[in-house]
Amino acid sequence: MSKRTNVSQRTNDLLSDWLDDADGNPGSEQNLSADGVCESVADSLLVHGLLADIGHRDAEHDARQIQALMKRIDLESKSEPDAVPDPSESSGRGRFAVVSSALALAAAVMVMFAVVGPQQRVSAAMASLEKVVEAALKPLDRTYRVHVVEEYSPDKRPRNLSQTAWDRKSPKQIDGATIYVRGANEYVMTVLLAQGGTRTSGCDGRYSWSFREDGPVHVTEDLNRFRGGMPGGQHDMPFLNIHAHLSQLKVGYDVELIDLQESTADSVSLSQLNCARKSNDVRGTKWVKIRFDPKNGTVHKMMLDGLPRGRGGPKSVMLELIDQSDLGQDFFSHDSHHLPERKVRFE
């Protein structure tokens, strides 16, 4: 057992005896100086405080702050004029000084952790969001399956939405749809239409395009032209270009990093970001939850909750990663998804 551990144990015994007996234990006080008592009490309190939050702290940063605090206390104690203690009052004053110093130090440590802790959590959340955005920009192929999690209740029409808009049904059935993405502006998505048939939309980085299975291919240089069918597209928060909305998430949303006990089938441990819209004045989905690989930022699951109702569609959807295989160089061109004789119209 170390010397400091012995000192701390004797200090705890001394304080316990003092609380039980107002006369104290002179023999113990002779074996341990007042400075030693003060130091060991402070060390004990400090250890307790650090253990309570050690799992989420920057050890080097916290150590520097604590050392600075201890130096400040030492300087203030040395600056006080020396005085000859009265033997009849030395014991009580010594005990009071020890307890006062310990309480002051404990309060200082608690204040420090209360201020530094939330800032560190916010910084960690934003750093994780940056990693997710950087991963989304990489030209890697990822395939996601769309699941409708919740539909809007038919008897809860928003006050600012007309009855006609409320009764309007979504022309697309996105539950079970598959989305293929590569980097920022390459994607393909096929959805079922309410009246029957399918619609396939995509973008190859130069042109966006869309066609029904029995109609011409519409092509345009406007890369956002056919994103309206994507989950969250009506509120400028489509999954396909979430990296472009980093400033909106940072300014208009409260972002929190959550400890998550979940692993994928490939034994990848996931972390989670919760993004909550700060007010109704901010355009965007009300809540965004992202489950990602903390090592490389790859999104494995993404929940869009509180989607717009004006153009129909579900209240919340989940996108789940199902494959990361290479799709081929020309996969995101419309030519790869229809027969050569299909008519093409440029807008």
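The values are calculated or read from the model by the stated rules, or taken from the named source; none is laboratory data. What you are looking at is a predicted structure, and each value in this text was computed from that prediction instead of being measured. Here the Cβ positions follow ideal geometry from the backbone for every residue, glycine too, while neighbour counts run over all protein chains shown. Just so you know, the surface numbers come from the protein's heavy atoms only, side chains and all, with ligands and any DNA or RNA stripped out. Shrake-Rupley method; radii C 1.70, N 1.55, O 1.52, S 1.80 Å.
Observations
- Residue within region 317-340 that is modelled with pLDDT of 95 or more and open to solvent by less than 20 Å² (accessible area, probe 1.4 Å) present: yes
- Set 344, 299: member being among the β-branched types (Val, Ile, Thr), in contact with a Pro (Cβ under 8 Å, 6 or more places away or on another chain) and touching a residue at least 60 places away in the same chain (Cβ under 8 Å): 344
- Of note, residue 281 does not satisfy the criterion of being within 23 Å of residue 185 (Cα to Cα), open to solvent by 30 Å² or more (accessible area, probe 1.4 Å) and at pLDDT below 90.
- Residue match in region 202-214 (condition: more than 20 Å from residue 325 (Cβ to Cβ), crowded, with 17+ Cβ neighbours inside 10 Å, modelled with pLDDT under 90 and touching a strand residue (DSSP E or B) at 6+ places or on another chain (Cβ under 8 Å)): no
- In the set (1) in a strand (DSSP E or B); (2) at pLDDT below 75, the condition left unmet by residue 158 is number (1).
- Top-ranked residue of region 268-309 - restricted to ones that are among the hydroxyl-bearing types (Ser, Thr, Tyr) and outside any loop (DSSP other than H, G, I, E, B), ranked as nearest to the chain's Cα centre (by Cα): 271
- Considering region 169-222, the residues that are charged (D, E, K, R) and under 30 Å from the mean Cα position of the chain (by Cα) include one that is nearest to residue 137 (Cα to Cα), namely 182.
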